[in-house]
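As structure tokens, the structure follows; a few thoughts come after it.
What follows is calculated from the coordinates using simple rules that are stated; it is not laboratory data. The structure displayed is predicted, hence computed values, not measured ones. Reconstructed Cβ throughout: ideal geometry from the backbone, glycine too, with neighbour counts over all protein chains shown.
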Amino acid sequence: MIELTDNLKITIVLVLIVSYFLYDRKPKCMFKDDGTFKQFGLTKDETITPFFIIITIIGFTTYYALILKDGKYV
């Protein structure tokens, strides 16, 4: 069973807030003009920074930073 530590709870809340903010703002690097998600790729209609990759990076980085702050990385 997954134990919900304080670090994990903070990370989940932060990821949800950032996800909502990004989805609400719909930056052009992640969304098409009609508001749909761009596909991952390297062509003009695609992006190398899709929504799911940005949210994943933010989640991992936040959790890692919280672990380092507590000094429990060893």
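To the nearest ten degrees, helix 6-25 and the longest principal axis of the Cα atoms of the chain are 20 degrees apart.
For the chain, the tally of Lys pairs with Cα-Cα distances below 29 Å comes to 8, considering only residues 8 or more apart or on different chains. Going from the residue with the fewest nearby Cβ atoms within 10 Å to the one with the most, Ile10, Ile17 rank Ile17, Ile10. Between Glu46 and Ile17, the FRET efficiency estimated from the beta carbon spacing at R0 = 30 angstrom works out to 0.65.
Note on segment 6-69: along the principal axes its Cα atoms extend 40, 22, 11 Å, ordered by decreasing extent. Residues Tyr23, Tyr63, arranged from fewest to most other Cβ atoms within 10 angstrom of their Cβ, appear as Tyr23, Tyr63. Think of segment 6-69 as having a plus end and a minus end, set by charges on the Cβ of Lys, Arg, Asp and Glu; of Gly41, Tyr20, Phe31, Tyr20 sits farthest toward the positive end of this dipole.
Computed from Cα positions, the angle between helix 51-70 and the longest principal axis of the chain comes to roughly 20 degrees. With the helix formula -39500 (n - 2.57) applied to DSSP H stretches of n ≥ 4, the chain reaches a computed 222 nm mean residue ellipticity of -18500 deg cm²/dmol. For segment 6-69, the Cβ-based charge dipole about the Cα centre amounts to some 120 debye (Lys, Arg positive; Asp, Glu negative; other atoms uncharged).
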